Amino acid sequence: MIDYQRHFTSAIEALHAERRYRVFADLERIAGRFPKAIWRHEGEAREITVWCSNDYLGMGQHASVIAAMTETAGAMGSGAGGTRNISGTNHPLVELELELADLHGKEAALVFTSGFVSNEASISTIAKLLPNCLILSDELNHASMIEGVRKSGAKKQVFRHNDLTHLEELLAAAEPNRPKLIVFESVYSMDGDIGPIKAICDLADKYNAMTYIDEVHAVGMYGPRGGGISEREGVAHRIDVIEGTLAKAFGVLGGYITGTKALIDAVRSYAPGFIFTTALPPALAAAATASIRHLKLSQAERDAQQRQAAKAKAVFAEAGLPVMPSDTHIVPLLVGEPDLCKKASDHLLERHGIYIQPINYPTVPRGTERLRITPTPLHDDVLIATLTGALVETWHAIGIPFAAERPTSLERSDKVTPLVVSQAGG
């Protein structure tokens with residue numbers, strides 16, 4: 001007899017042995033009081049403060065977004081009724097795709113049920129439709145991009161993170177007439193660094209390659225209308241495919257790609273991850289459209305978020321906490337050991353009522369385990385001061401080295417261990 005369950009048990013035991021087993025906190029967000037939430041644990045309910053949400057601007061609880069969702073659900077029901085192939089496209093989804101195409105200055109857009117699916121389905125389909133395609137992929141690309149590359153069946157070459165010299169070497173060595181697809185990100189979510197978008201576009205032009213950029217941690221956050229880093233740097237028109245999410249700064253759910261009408265139509269017509277998946281419900285589409293329209297016109301949320309992120313970095317550094325270098329809104333604190341990282345997270349939640357999920361291998365390289373903090377416009381100076389005090393107490397209580405106690409300067413994870421499979425939540 002085969003003991004099937006033993007295989008599953010052994011797999012979980014292996015995660016425990018490698019100190020990679022993950023526990024999810026039971027949280028209930030409180031509408032109108034973000035970043036406050038209710039933590040339910042062992043039969044008790046307690047109010048806590050969330051410091052690691054990807055709802056970067058608090059738009060998930062914005063009045064116009066909630067109103068659009070509730071009004072549309074009341075008028076059109078809760079679900080989409082099936083795949084777009086079977087049930088057609090609900091009108092709010094048509095409006096959403098027009099809004100997204102306009103956001104990035106592209107001819108068309110296509111919405112998927114998540115950012116993971118949009119990357120996986122789009123990259124694999126685009127590469128399959130290009131005969132003998134060569135994919136050049138940044139080594140710190142998200143797991144969804146890596147999965148799309150794998151499923152394409154195309155030959156891939158991985159270039160060192162943000163290393164333009166290495167990328168050019170690979171491009172120059174490829175056959176000139178061979179189709180080439182460069183896939184990379186704008187904001188890398190674990191370190192908060194930014195890809196050299198303009199320089200990659202220059203190389204793509206020089207070697208006749210297509211470009212595919214993941215802007216999931218940047219859309220809504222950067223650029224005069226929230227079009228991401230590519231909009232901020234004035235290079236969106238040079239990128240063939242801009243991919244993004246509706247589930248982070250826009251505060252809803254779903255993923256998407258934008259590009260030419262021909263490319264979008266080809267993915268729509270050939271990608272199994274689109275064809276055979278139930279469409280995004282109309283209420284979610286309407287909520288996402290409301291969020292995008294608001295952030296196209298309002299700079300207030302972006303300005304406040306950048307101010308609070310900068311404030312948090314400065315206050316943490318002044319307190320001697322090991323703030324890792326970050327060019328963006330993401331604020332990583334180096335712990336450097338998985339057990340300590342988990343203990344710090346548990347201590348913050350249980351003693352201080354502060355929720356920050358530990359980030360361990362394989363999301364980041366071993367030895368760079370961290371707490372990833374994402375201040376929002378709604379994390380005011382008082383909350384930052386409270387968090388700083390809690391972190392300092394936790395560092396002492398758990399025995400985590402402060403910045404001055406570390407033998408070397410803090411570095412980005414890409415300088416520590418290559419070829420990490422990023423598996424950050426998307």
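State to the nearest 20 debye the size of the charge dipole of segment 258-393 about its Cα centre, where the only charges are +1 on K and R beta carbons and -1 on D and E beta carbons. With only Lys, Arg, Asp and Glu charged at Cβ, the dipole is about 500 debye.
Using Cα centres only, tell me the gap between segment 370-386 and segment 256-310 in whole Å. Rounded to whole Å, the Cα centres lie 26 Å apart. For segment 238-297, the share of alpha carbon pairs falling in successive 5 Å distance bins from zero is 4, 16, 21, 24, 22, 11, 2, 0 percent. Here the extension length gained between Ser78 and Arg366 equals 99.4 nm, from 0.36 nm per residue of separation less the Cα-Cα distance.
Within the listed set Ser114, Ser78, Ser186, the Gaussian network model of the chain (springs between alpha-carbon atoms below 10 Å) gives the highest mean-square fluctuation for Ser78.
Each residue of segment 214-229 was assigned a 3J(HN,Hα) from its phi angle through the Karplus curve 6.51 cos²θ - 1.76 cosθ + 1.60 (θ = phi - 60°); the sequence is 9, 10, 4, 8, 10, 5, x, 9, 9, x, x, 10, x, x, x, 5 Hz, with glycine and proline shown as x. Available extension along the chain between Glu318 and Arg160 is 53.6 nm, counting 0.36 nm per residue and deducting the alpha carbon span. Summarising the amide proton neighbourhood of Asp193: residues at separation of 5 or more, or on other chains, whose placed amide H is nearer than 5 Å comprise Tyr188, Asp327. The relative contact order of the chain, computed from alpha carbon pairs under 8 Å that lie at least 6 residues apart in sequence, is 21 percent.
Taking square-rooted eigenvalues a ≥ b ≥ c of the alpha carbon gyration tensor, is segment 40-114 rounded, prolate or oblate, where a/c under 1.5 means rounded and, failing that, a/b exceeding b/c means prolate? The shape class here is prolate.
What does the charge count near Phe274 come to, summing +1 for each Lys or Arg and -1 for each Asp or Glu among other residues with Cβ under 14 Å from its Cβ?
On the way: positive: Arg84, Lys128, Lys151, Arg268; negative: Glu97, Glu120, Glu243, Asp265.
Spelling it out: positives minus negatives among the neighbours equals 0.
Proximity of backbone amide H atoms, modeled 1.01 Å from N, is registered between Leu134 and Lys180, Leu181 at under 5 Å, excluding neighbours fewer than 5 places apart on the same chain. Think of each Lys and Arg Cβ as +1 and each Asp and Glu Cβ as -1; about the Cα centre, that makes the dipole of the chain roughly 400 debye.
Find the eigenvalues of the gyration tensor of the Cα atoms of segment 71-115, then list the square roots of 5 times those eigenvalues as equivalent ellipsoid semi-axes, largest first, in whole angstrom.
Numbers: eigenvalues 89, 34, 17 Å².
In descending order the semi-axes read 21, 13, 9 Å.
Here the Karplus relation 6.51 cos²θ - 1.76 cosθ + 1.60, evaluated at θ = phi - 60°, turns the backbone of segment 267-283 into coupling constants of 5, 4, 8, 10, 7, x, x, 9, 4, 9, 10, 4, 5, 4, x, x, 5 Hz, with x for every Gly and Pro.
In Å, the Kirkwood hydrodynamic radius of segment 179-236 over pairs of distinct alpha carbons? Each step should come with its number before you reach the end.
On the way: mean 1/r = 0.0863 Å⁻¹.
With all distinct Cα pairs of segment 179-236 included, I get 11.6 Å.
Based on Cα contacts under 8 Å between residues 6+ apart, segment 162-246 shows a relative contact order of 27 percent. Show the residues, 5+ positions off or on another chain, whose built amide H is closer than 5 Å to the amide H of Val158. Long-range HN contacts for Val158: Ser137. Pairwise inverse Cα distances across segment 1-158, averaged and inverted, put the Kirkwood hydrodynamic radius at 20.5 Å.
Among the listed pairs Lys180/Lys248; Lys156/Lys248; Lys106/Lys296; Lys180/Lys296, which are separated by more than 21 Å between their Cα atoms? Pairs exceeding the cut-off: Lys180/Lys248; Lys156/Lys248; Lys180/Lys296.
Once fully extended, how much extra length lies between Ala11 and Lys36, figured as 0.36 nm per residue of separation less the alpha-carbon to alpha-carbon distance? Intermediate values should be presented prior to the final figure.
Values: separation 25, 0.36 × 25 = 9.00 nm, distance 3.51 nm.
Length difference between fully extended and current span is 5.5 nm.
Going highest first, how would you order 248-256, 31-39 by mean Cβ packing within 10 Å?
Numbers: 248-256: 26.3, 31-39: 15.8.
Answer by packing, highest mean first, reads 248-256, 31-39.
Looking at the chain, the DSSP beta bridges with both ends there are about 60 percent antiparallel.
Using a ≥ b ≥ c from the Cα gyration tensor of segment 170-300 (square roots of the eigenvalues), is it rounded, prolate or oblate, where a/c under 1.5 gives rounded and otherwise the larger of a/b and b/c decides, a/b for prolate? Oblate, because a/c is 1.5 or more while a/b does not exceed b/c. Each residue of segment 88-94 was assigned a 3J(HN,Hα) from its phi angle through the Karplus expression (A = 6.51, B = -1.76, C = 1.60, θ = phi - 60°), giving x, 9, 5, 4, x, 6, 4 Hz with x at Gly and Pro.
Of the Cα atoms belonging to the chain, the radius of gyration and Dmax stand at 21.7, 64 Å. About its Cα centre, the dipole of segment 192-274 is roughly 180 debye, where the only charges are +1 on Lys and Arg Cβ and -1 on Asp and Glu Cβ. In this simple spin-label approximation, Asp205 and His396 carry label points 7 Å from Cα along the Cα→Cβ vector, and these lie 5.6 nm apart.
FYI, it's all coordinate maths here, none of it is from the lab. None of the values given here were measured: they were computed from a predicted structure. FYI the Cβ positions are ideal-geometry reconstructions off the backbone, even for glycines, and counts take in every protein chain you see.
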